[in-house]
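The structure appears below as structure tokens.
The values are calculated or read from the model by the stated rules, or taken from the named source; none is laboratory data. It should be emphasised that the depicted structure is a prediction, and the values quoted were computed from it without experimental measurement. Counting neighbours? That spans all protein chains shown, and the Cβs are built from the backbone with ideal geometry, glycine included.
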Amino acid sequence: MAASLRSARPHRDFLDIRDFTRDETLALFALAERMRTGTYRGTPMQGRALAMLFMKASTRTRVSFEVGAIQLGGSAHFLSPRDVQLGRGEPIADTARVLARYVHGIMIRTFAHADLVELAEHADVPVINGLTDLSHPCQVLADVLTIRQHLGADDPHPVAWIGDGNNMANAWIEAAALLGFPLRLACPDGFDPDATYLARAQGEGADVQLVRDPREAVRDARVVTTDVWASMGQEDEQLVRARAFAGYTVDEQLMAAAADDAIFLHCLPAHRGEEVTASVIDGPQSRVWDEAENRLHIQKAIMAVLIGDEPLLDD
């Protein structure tokens, strides 16, 4: 009996931005763009199944992965803590081994990054990071795809991150190091990005800087992006964070300090009046709805390559 449903090729995981090379990431963008415009009509997941483990709730992650798998010819199976034995204490390794006998790939959205790594170590099929507390690589790839669509694919457009040094900030740091665009992160003292991510990127020569003043971060930036001040699981810190993040709201004045053609991004959901004003997120510089749509396209490209064996680079 086969040990798993893996393809003949050695399987690959997508746990962090760095799991694809720069050339592979650019090829992913090209494939995702073909999917967005409809010039790609392949169904490489025909007869293949994706298990979707959700330890955290989501709108965009669930719908985009589920619809994407179906559009690629496969099936997607939603599993919440109430649907799997993880919620009753089954070891992650056991769940990984079992699911690998049923499905061809696993996407997980969870809290601890270590749980994602453990799942990947024991699952003999591709594992995709749908979000952890440490990194959100699918979202940032969708964001960069949006930038390339609206500002062009040739120039390294400067990006300003405003707010919490959370999983999104960490993924932006990895993307800047991989793709070579300048990144300025404005975070309040005590809410810095992960020190390992930041030190590694700067050690590799990436143009990534951590500052405290949002106006310093947005100077000459063509992309201004942010996230909620209190992420899922941090609701009890809302009042403390609201005080700490005073002055970090992305409003019209802050956008005016960026480049004239700057666009605004937000991974959503958004709290209008907190990290961003309604006039910005609903205004002419906002690209958040294209950004949300691009989750579908980039994740389809990732699934096509990892689960559907779609060629990424010419041999």
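What to note about this one:
- Odd one out for Met1 among (1) modelled with pLDDT under 95; (2) touching a Pro at 6+ places or on another chain (Cβ under 8 Å); (3) not in a helix (DSSP H, G or I): (2)
- Listing of helices (runs of 4 or more DSSP H) fully contained in segment 219-282 that carry 1 or more residues being touching a residue at least 40 places away in the same chain (Cβ under 8 Å) and not small (Gly, Ala, Ser): 238-244, 252-256
- Any hit, segment 115-126, residues being under 14 Å from the mean Cα position of the chain (by Cα) and free of Cβ contacts under 8 Å to residues at least 40 places away in the same chain: no
- Annotation note: of Ile173, Ile162, the sole residue that is more than 23 Å from Thr277 (Cβ to Cβ) and touching a strand residue (DSSP E or B) at 6+ places or on another chain (Cβ under 7 Å) is Ile173.
- Residues that are buried (at least 21 other Cβ atoms within 10 Å of the Cβ), of a type in the set (A, V, I, L, M) and out of contact with any helix residue (DSSP H, G or I) (no Cβ under 8 Å at 6 or more places or on another chain) within segment 275-301 comprise just one, Val276.
- Only one of Ala57, Ala96, Ala120 that is out of contact with any helix residue (DSSP H, G or I) (no Cβ under 9 Å at 6 or more places or on another chain) and farther than 18 Å from Ala142 by Cβ: Ala57
- Unique match (being assigned to a loop (DSSP other than H, G, I, E, B) and acidic (Asp, Glu)) among Asp290, Asp309: Asp309
- Filtering segment 203-240 to residues that are surrounded by 20 or more Cβ atoms within 10 Å (Cβ to Cβ) and charged (D, E, K, R) leaves Arg222, Asp227.
- Members of segment 158-202 that are surrounded by fewer than 22 Cβ atoms within 10 Å (Cβ to Cβ), closer than 26 Å to Glu252 by Cβ and touching a helix residue (DSSP H, G or I) at 6+ places or on another chain (Cβ under 6 Å): Pro188
- Among the criteria (1) farther than 20 Å from Asn166 by Cβ; (2) of a type outside the set (Phe, Trp, Tyr); (3) surrounded by fewer than 18 Cβ atoms within 10 Å (Cβ to Cβ); (4) modelled with pLDDT of 95 or more, the one Ala304 does not fulfil is (3).
- Of the listed requirements (1) under 21 Å from Glu291 (Cα atoms); (2) part of a loop (DSSP other than H, G, I, E, B), Gly73 misses just one: (1).
- Residues that are among the hydrophobic types (A, V, I, L, M, F, W, C) and touching a Ser or Thr at 6+ places or on another chain (Cβ under 8 Å) within segment 84-106 comprise Val84, Leu86, Ala100, listed in sequence order.
- Any hit, segment 270-286, residues being in contact with a Ser or Thr (Cβ under 8 Å, 6 or more places away or on another chain) and either closer than 30 Å to Glu24 by Cα or among the aromatic types (Phe, Trp, Tyr) (or both): no
- Number of the condition not met by Phe191 [criteria: (1) out of contact with any Asp or Glu (no Cβ under 8 Å at 6 or more places or on another chain); (2) in contact (Cβ under 8 Å) with a residue 12 or more places away in the chain]: (1)
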